[in-house]
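The values are calculated or read from the model by the stated rules, or taken from the named source; none is laboratory data. Quantities reported herein were computed from a predicted structural model and do not represent experimental measurements. As a convention, Cβ positions derive from the backbone with ideal geometry for all residues, glycine included, and neighbour counts pool all protein chains shown. With ligands, DNA and RNA removed, areas are computed over all heavy atoms of the protein, side chains included. Shrake-Rupley method; radii C 1.70, N 1.55, O 1.52, S 1.80 Å.
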Amino acid sequence: MQGLMMDAPLLVSGILTHAERNHAHQEIVTRLVEGGIHRYTFGDCARRTAQLAHALQEMGVKPGDRIGVMGWNTHRQLELYYAISGIGAVCHTINPKLGPQNAAFVMNHAEDRFVFFDTTFAPLVQALRPHLSGVERYVAMTTEEETAKLGVGVDCYETLLEGKPERFDWPSFDENTAAAMCYTSGTTGQPKGVLYSHRALVLQCFAALLPTSFGAGAGDTILPVVPMFHVNAWGVPYSALMIGMKLVMPGPGLDGKSLHELITTEGVTFAVGVPTVWLNLLAHVEENGLDLGRLRYTLVGGAALSRKIIDGYEKYGVRTRQGWGMTEMSPTGTVNFDGPGFYDLPHDERIEVQLRQGKALPFVDMRIVSDAGEELPWDGKSDGHLHVRGPWILSSYYKAEEPTLTDDGWFDTGDVCVIHPDGRMQITDRAKDVIKSGGEWISTIDIENVGLSHPAVAQAAAIGMPHPKWQERPLLIVQLKDGAAASTDDIKDFVNEKLPRISQVDDVQAVDEIPLGATGKVLKTELRKTFADYQLPDLR
Ligand code: AMP
């Protein structure tokens with residue numbers, strides 16, 4: 001028997017309409033690319049988004065067209081998010097740090113018809129233009145004055161909006177229509193396209209807003225430091241508008257000083273981003289004897305949370321939650337919710353639990369599978385490949401030539417994990433990064449966390465080096481803090497004292513700079529190339 005409910009589609013435009021009607025006076029604050037701070041309300045945002053939708057239609061944008069956007073987190077990119085998907089087109093956010101070759105690849109692969117960009121990326125866009133035959137127009141997301149400086153062949157965002165009607169009758173269509181698109185960061189192999197449906201984005205927005213998920217609420221002022229060009233800034237542009245949270249956009253100012261300024265002057269209470277960002281901010285606050293104003297929570301994801309961040313921020317009264325997800329998962333899969341009684345646990349016991357990636361959001365289904373394909377128990381000990389499925393997890397990469405899912409319909413995340421009996425998932429490695437010694441998995445994450453806790457270490461990365469007896473043994477590569485002096489032998493003694501025998505590193509090597517990828521993650525592929533001729537001490 002069918003239920004007798006209306007078949008109303010879950011569309012992204014519904015979030016904007018709700019925000020305009022119910023939270024019209026809430027603020028959106030942006031650090032502008034042009035310099036200075038821009039401030040307006042959800043109501044203003046809805047009116048300008050309507051103007052933009054009219055402008056897009058006038059430009060000839062049709063449902064299903066891909067529109068490339070290469071920009072910082074700003075009010076203009078927010079307007080693009082809503083206007084493009086609102087008219088049934090696809091907002092293709094492009095990671096400018098992918099490098100020219102990958103950027104050209106993704107824009108051609110997506111077949112972007114129009115490209116919107118921040119002036120910071122004008123030189124990159126200029127260099128890409130000869131390689132983008134399908135792009136009809138380029139629009140600089142700035143004022144007329146700034147656009148004029150870029151020379152001919154570029155339209156001005158603000159001019160496009162001028163004089164357009166401030167209301168738009170958002171169309172209704174199938175909720176499975178694509179709303180947005182993002183390519184995987186491509187640290188291994190060619191970037192792959194992920195197409196988000198309206199339904200997936202709206203459902204994920206609801207799930208992220210549950211009190212047991214991110215934990216941000218209506219009274220919060222939220223700062224998404226995670227870029228809007230990387231998996232929709234973890235959905236914050238949708239969730240902030242859904243419940244009327246004040247939204248603070250950092251623009252291009254992602255350094256410790258700029259973030260600190262914005263957090264304290266705008267009263268940010270909840271901030272979201274990758275670990276590197278939080279380490280930089282912490283260093284700035286510590287070095288300058290500052291405080292963190294009203295900040296009460298950071299949500300850390302994209303890479304493993306470290307004890308250094310948890311303890312460092314707690315000194316300033318800020319708690320840390322960890323989330324885990326992927327471009328392929330819109331992105332959130334789990335959050336380590338610190339529920340009632342969590343902070344009453346003995347400190348070390350609590351940190352051990354807090355370093356886990358967390359419990360699945362409702363409707364995200366997880367399983368662990370051994371190399372032999374057997375499903376493993378959630379006992380906190382059995383580790384294997386993490387598979388997921390659910391309504392905001394991809395069914396196929398865009399234009400995929402091979403099936404994306406397993407034969408029985410799961411997505412293999414490439415992460416290796418254990419799941420504890422309480423449901424908390426804990427990543428122990430990436431399948432491609434895994435160090436397997438004598439048939440046992442060794443967690444590079446554990447080694448890196450211990451490495452990072454050495455006072456002289458700024459960045460740490462563990463990779464597996466070939467070993468005739470053990471197949472692989474861990475090498476720890478460190479980048480020292482500016483001005484710090486510590487010998488690699490000291491660091492080796494320090495980490496090995498803290499690690500279980502199997503994980504103890506065979507050697508420590510220092511480099512001037514550990515290479516980071518476009519999303520701030522260590523490029524192990526590069527490190528492996530650098531150390532291709534290296535031999536572990538007992539083999540020399
Ligand atoms: P991306 O698609 O670029 O966001 O990368 C997704 C991958 O980042 C995941 O498959 C994990 O390997 C890693 N990742 C994301 N969040 C975490 C986390 N909290 N801890 C450890 N690794 C993470």
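Structure values in brief
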read-out: Per-region count, segment 319-340, residues of a type in the set (S, T, N, Q) and away from the ligand (no atom under 16 Å from the Cβ); value: 0
read-out: Cβ pairs under 6 Å, 6+ apart, first in segment 324-351 and closer than 27 Å to residue 363 by Cα, second open to solvent by 50 Å² or more (accessible area, probe 1.4 Å) and away from the ligand (no atom under 16 Å from the Cβ); value: 337/212
read-out: Single match in 266, 261, 287 (criterion: within 21 Å of residue 42 (Cα to Cα), more than 20 Å from the chain's Cα centre (by Cα) and not aromatic (Phe, Trp, Tyr)); value: 266
read-out: Residue satisfying all of: in segment 85-104; in a helix (DSSP H, G or I) and more than 21 Å from the chain's Cα centre (by Cα); surrounded by the fewest Cβ atoms within 10 Å (Cβ to Cβ) among these; value: 101
read-out: Test: residue in segment 222-244 that is surrounded by fewer than 21 Cβ atoms within 10 Å (Cβ to Cβ), outside the structural domain of residue 77 (by TED's automatic domain parsing) and at pLDDT 95 or above; value: yes
read-out: Enumerated helices (runs of 4 or more DSSP H) restricted to segment 177-271, each holding at least 3 residues that are under 21 Å from residue 392 (Cα atoms); value: 198-208, 236-243
read-out: Segment 99-121 residues that are on the phi > 0 side of the Ramachandran plot, paired with ones that are open to solvent by 40 Å² or more (accessible area, probe 1.4 Å) (beta carbon under 6 Å, 6 or more apart); value: 111/66; 111/134
read-out: Hits in segment 280-318 (condition: under 22 Å from residue 262 (Cα atoms), within 16 Å of the ligand (Cβ to nearest atom) and touching a Lys or Arg at 6+ places or on another chain (Cβ under 8 Å)); value: 297, 298, 299, 300, 313
read-out: Some residue of segment 158-174 being at pLDDT below 95 and either closer than 26 Å to residue 110 by Cβ or not basic (Lys, Arg) (or both); value: no
read-out: Filtered residue count, segment 326-369, keeping only those that are touching a strand residue (DSSP E or B) at 6+ places or on another chain (Cβ under 7 Å), at pLDDT below 95 and either over 16 Å from residue 415 (Cα atoms) or open to solvent by 20 Å² or more (accessible area, probe 1.4 Å) (or both); value: 3
read-out: Some residue of segment 37-55 being outside the structural domain of residue 516 (by TED's automatic domain parsing) and in a loop (DSSP other than H, G, I, E, B); value: no
read-out: Some residue of segment 404-416 being aliphatic (A, V, I, L, M), assigned to a loop (DSSP other than H, G, I, E, B) and at pLDDT 95 or above; value: yes
read-out: Residue within segment 312-327 that is out of contact with any Ser or Thr (no Cβ under 7 Å at 6 or more places or on another chain), charged (D, E, K, R) and either closer than 30 Å to residue 405 by Cα or in a strand (DSSP E or B) (or both) present; value: yes
read-out: Answer residue from segment 133-176, given it is without any contact (Cβ under 8 Å) to a residue 60 or more places away in the chain and assigned to a strand (DSSP E or B) and is surrounded by the fewest Cβ atoms within 10 Å (Cβ to Cβ) among those; value: 155
read-out: Residue satisfying condition, being within 16 Å of the ligand (Cβ to nearest atom), in a helix (DSSP H, G or I) and not hydroxyl-bearing (Ser, Thr, Tyr), within set 502, 491, 445, 427; value: 445
